[in-house]
Amino acid sequence: MICTSLKEDYLDEHQYRVSSYASQIAKRISPGLIEIISFTAAVHDVGKKSINNSILFKPGQLNQDEWVIIRRHPLLGASMIMRRVVKVKNSYKFKPSTIALAVLHHHERWDGSGYPDGQKGEDIPLISRIIAVADAFDAMTTDRPYRKALSKEDAVKEILRYAGTQFDPNIAEAFVCK
C-alpha cells in the first residue's frame, strides 16, 4: 500500500510538471491565459486524491470497475473546486467555475471519444485541451506502476500521432514546436 504522503508527492510532482508544460503551450497559443492555465494545470488531478491508492498505484492493468472509478476523478476535482475544498488563489481573478470546467474536461478527446461528456473539438474548453497535451506528455515520460517511461522523443511522436484524434492538432503542434 502506498502511503498518503507518497500519493501527495506523486500528485504534486505530476501537477507541477503538467503546469510547466501547459504554460509553455500557452505562451504559443494564448499568452494572455498563461497564469490561469498554469494554475488550472497545477490542480487538474486534484480529484485523484479521492481515489483509493490500490487503484491509483496498481501495478497491472485496471479492470472495468477500477476504470469507472478512475474516470470519476475529473468530476471529483471539479466538484472540490466548486465547493472551494481546493482554494483557488486570487479567486477574484480566476473564477472557480472556469477552473472547475477546465478540470472537468481535461480527459475529453478532440474526436469526441473522451470523458466525462464526450465533448468534441472546440467544444472542449481551450484550457482543457492544453492541459490534455501537457498531461499526456508527462504521463508518457514518467515511470508508472504499470510501465516504464517513454523517451521524450517517443512521447513527442505519440503526441503528433494522436493529433486530430486525441489532441487538438494546433495545440499538439504548438507543444512540439519548441
Discussion item. Within the chain, which whole H helices from DSSP have a Cα span along their axis of at least 20 Å and a mean Kyte-Doolittle hydropathy of -0.5 or more, if any?
Written reply: 126-140
Response to the item:
The Cα extents of region 73-178 along the principal axes, largest first and rounded to whole Å, are 39, 31, 26
Worksheet item: With contacts defined as alpha carbon pairs under 8 Å and 6 or more residues apart, what's the relative contact order of region 4-176 in percent?
Response: 21
Fill in: Percent of Cα pairs exceeding the 28 Å cut-off, where the set is the chain
18
Worksheet entry | Most mobile listed residue (93, 157, 49) in the chain, GNM with C-alpha springs under 10 Å | 93
Item to complete: Compare 79, 23, 50 in a GNM of the chain, Cα atoms joined below 10 Å, and give the one with the largest fluctuation.
Response: 50
Worksheet entry | About the Cα centre, charge dipole magnitude for the chain (Lys/Arg +1, Asp/Glu -1 at Cβ), debye | 400
Discussion item. 7 Å from Cα along Cα→Cβ at both residue 157 and residue 34: what's the point-to-point distance in nm?
Written reply: 3.2
Worksheet item: For the chain, modelled as a Gaussian network with Cα springs under 10 Å, which listed residue fluctuates most, 37, 55, 130?
Response: 55
Worksheet, complete the sentence: With label points set 7 Å from each Cα along the Cα-to-Cβ direction at residue 16 and residue 117, the distance between them in nm comes to 3.3
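FYI, it's all coordinate maths here, none of it is from the lab. Please read these numbers as outputs of a predicted model, since none were measured by experiment. Reconstructed Cβ throughout: ideal geometry from the backbone, glycine too, with neighbour counts over all protein chains shown.
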